[in-house]
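See below for the structure under consideration.
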Amino acid sequence: MRRWNLVSMFIIAGVTAMVYLNALDNGFHYDDEHYIQNNQFLERWENVPAMFTTTRFYSDDQLFTGHYRPLVYVTYAVNKISGGNNPVGYHVVNLIFHIGSAMLLYLIIKAMLGSGVEDRSKKLEVRRGADEGLDEKLEDRSKILGEGFSNFLPLTSGFYVAFAAALIFAVHPFNSEVVNYITARSSVMSGFFYLLAFYCWVRYRGSLTSYFYLSSLLAFLLGMLSKEVVITLPVILWLYDLYFFYPYRTSHSVLRTLFNWRTYTPYLPFILSVLVPYFVIRKIKYGVFAIPVLNRDIYINLLTETRVLVKYIIMLIVPAGQSVYHDIDVSTSIMDLRVLLSLALLAIIGFLTFILARSDRHEWRIVSFSFLWFFVTLLPTTLFPLNDILQENRGYLAGVSFAVIVALILGWFLHRTESGTLPSSFSSIVFLCLVLLLIVYSVTSFKRNKVWQDEYTLWSDVLVKYPDAYKPYHALGLFYMDRGENDRALEYFKRALRIYPAMYQAYNRIGIIYGEKGDTMTAISMFKKTIELRPDFHRAYYNLGTTYYLNNDIEPAIANYMKALELSPYYTEPYMALAEIYLRRKDPDRAKEMYEKVTYIKPSEARAYYRLGVIYEAEGKKAISEGYYKTALKIDPGLRGAEERLRGSGE
């Protein structure tokens, strides 16, 4: 069996890698810019320990440092230091975690379909007399936990279910975002550790071996350090025990299990050693135990999320409609027809979950458990209002349930052929269905990867699907602005504002364009409008200061630079600008102070080293200036002026 496990793992990894091979060269997108590309804090190993004590190093923009996910940013730092801003390394890491998740799903389903049942039964028999908390009057555990395993799902169909579930999960287009969108690493990493913790728990319950329990606890901790949604794991572990570990043939046995305090002792370490410290840290750091509520109250959010849950289900069933951004309007009334229809569907699923949970057939209880897995893993994003109402990567763990249910259905047909209920030739049809399903999913994912090629292809796709959304217009405006096509960019920014007049980022970009055109008065008005809409947006103050500087209005320029630094002390551009002002005022000491702050905050900023070299050269400190010139050229060999000054100094 170990040989088959290794072969299965190899096939899962190989197929997944082939599907995502064309994704590795895709660029950075969306939030990648401030979390990774422009994040100078990722460039220094010295900053890594601080990532566990402060969130300030998570982005170059202080407005986006509200999450505590240190482990994710440690991996970003490894990528950044080893490969700079080459996206290939980042995509490879995301892909490795995704492949690992698929492998874990394979192991989980194999374990749930009977691995270690006999060993578990023997150990439970030994403990029966010693542990009152495991219900002294239980019937034979092997009968309860193993019934139907060898008869209903023999080795061949059990292996098939596990293998099919892993492959479906690995290549499903719904999961393509976690590989293509680098910032979605928090989802794929936390998903990996979530599945690892659950697998270790299943093995612990199967063998009662302490190291599996400790491994589950450790994986839970690593998951919590990756993304907050892992907080639901103790609920999943409890549900697993309720479904498959504790007998509940009657309602009486259910109540006896639920109200026995010893039932909950295995989960206490998960709560006391991880969840309690986590919430304490959040309280100390942010002043709240949960994330701050945004512009939707809980009731409106719940109404809206009923539709979101149904949309997740539809995208899992039908591999279409994937988008980096989904323009979802909020529902404010329960009488909204879309809400009523969604509630009806969810009620049907809830009814099926209840009916299947009471089944004596193990495979149907797994289906019921999978339904609950879907809803529990999405619980945090369902309860708490977030900026983007729907993001596909948030449903990464929920997608596990779909893969398992489809695989179980296929496995059920396969077993019917093995038992003679269906013709033996029907097994070929079952395998053909799986192959066709995998081909459709793989081809769709492969095509989806091409959409993520660059910002133009990505946001043009969004615009086709959501032509009335403001975000794709803004994103395409940024794309054209980066290409130097400012007039076209201006058109897109203005269209974004027509849809959403409060979009402060668009005003900021329009101000930059008018500033480059030399229309400083319009630029100033745009930056002031940006600040009016978002008073804590530090970049607007910097841009406003720069516009005043270009108008030779130095004092307002200094005031706005200082305000930008007050809001974001690690923002390097105001330091560079202030240094130039101090040089104009014949104050080289203060200019050096500014440049040295830049080199400390952002060691890759070649301009700061070059300017320090110029200052020291003017002071006659040749050796020091040469050192700064060399450092600048090492970072940026094409830096204008550095090579000439180094040659001029006699080097």
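The values are calculated or read from the model by the stated rules, or taken from the named source; none is laboratory data. Source: prediction; values computed, not measured. Heads up, the Cβs are rebuilt from the backbone with ideal geometry, glycines too, and the neighbour counts pull from every protein chain shown. Quick note on the areas: whole protein, heavy atoms, side chains included, nothing else; ligands and nucleic acids left out. Shrake-Rupley method; radii C 1.70, N 1.55, O 1.52, S 1.80 Å.
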Return the calculated 222 nm mean residue ellipticity for the chain, to the nearest 500 deg cm²/dmol, obtained by summing -39500 (n - 2.57) across DSSP H runs with n ≥ 4 and dividing by the residue count.
-21000 deg cm²/dmol
Calculated FRET efficiency, Leu346 and Val435, Cβ-Cβ r, R0 45 Å, to nearest 0.05?
0.90
Can you tell me how much longer the chain between Glu593 and Asp454 gets when fully stretched, taken as 0.36 nm per residue apart minus their C-alpha distance, in nm with one decimal?
46.2 nm
So if each residue of separation counts as 0.36 nm, and I subtract the Cα-Cα distance between Tyr466 and Ile96, what length gain in nm does that give?
130.0 nm
Computed about the Cα centre, the charge dipole of segment 329-372 from +1 Lys/Arg and -1 Asp/Glu charges at the Cβ has a magnitude in debye, to the nearest 20, of 180
Would you please give the FRET efficiency between Leu302 and Leu268, computed as 1/(1 + (r/R0)^6) with r the Cβ-Cβ distance and R0 = 30 Å, to the nearest 0.05?
0.50
Taking a label point 7 Å from the Cα of Ile81 along the Cα→Cβ vector, which residues of segment 591-620 have an amide N closer than 19 Å to it?
599-605
Which whole-number value in Å² is the accessible area per residue of segment 175-236, probe 1.4 Å?
22
Which of the following values of Rg/Rh (Cα atoms, Kirkwood Rh) was calculated from the structure shown: (1) 1.07; (2) 1.04; (3) 0.97?
(2)
Taking r as the C-beta separation of Glu555 and Phe426 and R0 as 56 Å, the FRET efficiency to the nearest 0.05 is 0.10
On average, how much accessible surface per residue is there in segment 418-497, in Å², for a 1.4 Å probe, leaving out ligands, DNA and RNA?
52
If you roll a 1.4 angstrom probe over the protein chains with everything in place, what fraction of the accessible area of the chain belongs to carbon and sulfur, to the nearest %?
62
Of the residues Tyr616, Phe28, Leu272, the Cα lying farthest along the dipole of the chain towards its positive end, which is defined by charges on the beta carbon of Lys, Arg, Asp and Glu, belongs to Leu272
Euclidean distance of C-alpha centroids, segment 174-197 and segment 318-344, integer Å:
24
Give me the distance between the Cα centres of segment 524-582 and segment 17-49, rounded to whole Å.
28
Fully extended contour minus Cα-Cα distance, from Asp360 to Val7, at 0.36 nm per residue:
123.8 nm
Of the residues Leu239, Ser186, Tyr570, the Cα lying farthest along the dipole of the chain towards its positive end, which is defined by charges on the beta carbon of Lys, Arg, Asp and Glu, belongs to Leu239
Per residue and in cubic angstrom, what volume does the convex hull of the Cα atoms of segment 363-410 have?
57
Measuring from the lowest to the highest alpha carbon on each principal axis, how far does segment 428-505 reach, largest first, in angstroms?
59, 24, 16
7 Å from Cα along Cα→Cβ at both Glu566 and Leu379: what's the point-to-point distance in nm?
4.4
Ordered by packing density, taken as the mean number of other Cβ atoms within 10 Å over each peptide's residues, highest first, how do 450-457, 590-597 rank?
590-597, 450-457
Output the peptides 598-610, 498-510 sorted from most to least packed, where packing is the average of other Cβ atoms within 10 Å over each peptide's residues.
598-610, 498-510
Packing rank of 395-407, 163-175, 520-532, where each peptide gets the mean count of other beta carbons within 10 Å, highest leading:
163-175, 395-407, 520-532
Please tell me which of these pairs span more than 31 angstrom C-alpha to C-alpha: Lys110/Lys465; Lys563/Lys586; Lys80/Lys586; Lys80/Lys494; Lys517/Lys634?
Lys110/Lys465; Lys80/Lys586; Lys80/Lys494; Lys517/Lys634
Averaged per residue, what accessible area in Å² does segment 575-642 show with a 1.4 Å probe, protein chains only?
51
Expressed in angstrom and rounded, the centroid-to-centroid distance over alpha carbons for segment 457-512 and segment 393-451 is 40
Phi-based couplings in Hz for segment 506-523 (Karplus 6.51, -1.76, 1.60; Gly and Pro marked x)
5, 4, 4, 5, 4, x, 4, 4, 5, x, 5, 7, x, 8, 5, 5, 5, 4
